[in-house]
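Throughout, read-outs are computed from the coordinates displayed, never taken from laboratory work. Predicted model, so just to flag it, every value in this text is computed and none were measured. All Cβ positions, even for glycine, are placed from backbone atoms using ideal geometry, and neighbour counts span all protein chains on display.
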Amino acid sequence: MTRQRQLIYNIIQRADDHPTAEMIYARAKAEMPSIAFGTVYRNLKLMVDAGEILHIPVAGEPDRYDKTLRPHEHMQCIECGRVADCDPGDLKSYFSSKISEEIVSYTLNLFYICDECRRRQKREK
């Protein structure tokens, strides 16, 4: 693994915010000033293809990346755009049992207002 790829991987492993490619680039640049955005983007694709990280498409926002490889869902704050983990259980089996068909895959968009935004809204009232 190259030094650049290892740095990018480490940044994702330390992250608790499902960072975008741009966020990962800014964090990598702080540690390795010579790194290029193209290097970050190319390595993210390689890591996703290798199953080392997850790629999370986000509606209306830049895609995110996740260190958690176990099956789980994500939800997006409608105020700040934050993406958080969510584990509603085995939805494939649930949906399959409801429609009597095998679900191969699905896309589920969950939107919420995070605690921080909810507290801010209360202060502003």
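Looking only at the chain, where both bridge partners belong to it, what percent of the DSSP beta bridges are antiparallel (to the nearest 5)? Kindly include the intermediate steps, with their values, before the conclusion.
Details: 8 of 11 bridges.
Percentage antiparallel, nearest 5: 75.
Calculate the dipole size of the range 71-118 relative to its Cα centre from +1 charges on Lys and Arg beta carbons and -1 charges on Asp and Glu beta carbons; express the result in debye to the nearest 20. Intermediate results must be reported in sequence, preceding the final value.
Numbers: 4 positive and 9 negative charges, 24 e Å.
Using Cβ point charges on Lys, Arg, Asp and Glu, the range 71-118 gives about 120 debye.
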### Query
According to the square roots a ≥ b ≥ c of the eigenvalues of the Cα gyration tensor, what is the shape class of the range 1-49, taking rounded for a/c under 1.5, prolate for a/b larger than b/c otherwise, and oblate for the remainder?
rounded
### Message
Can you tell me the orientation of helix 115-124 relative to the chain, as the angle in degrees between its alpha-carbon axis and the longest Cα principal axis, to the nearest 10?
### Response
80 degrees
#### Entry: Loop-resident sites, the range 50-125, for GluC sites (Glu not before Pro), counting at most 12 other Cβ within 10 Å (DSSP)
GLU101, GLU102
### Query
By how many degrees, between 0 and 90 and to the nearest 10, does the Cα long axis of helix 37-49 differ from the longest principal axis of the chain?
50 degrees
## Note on the structure
Among [x] 50; [y] 30; [z] 46, the value of percent of Cα pairs over 21 Å apart computed for this structure carries the label [x]
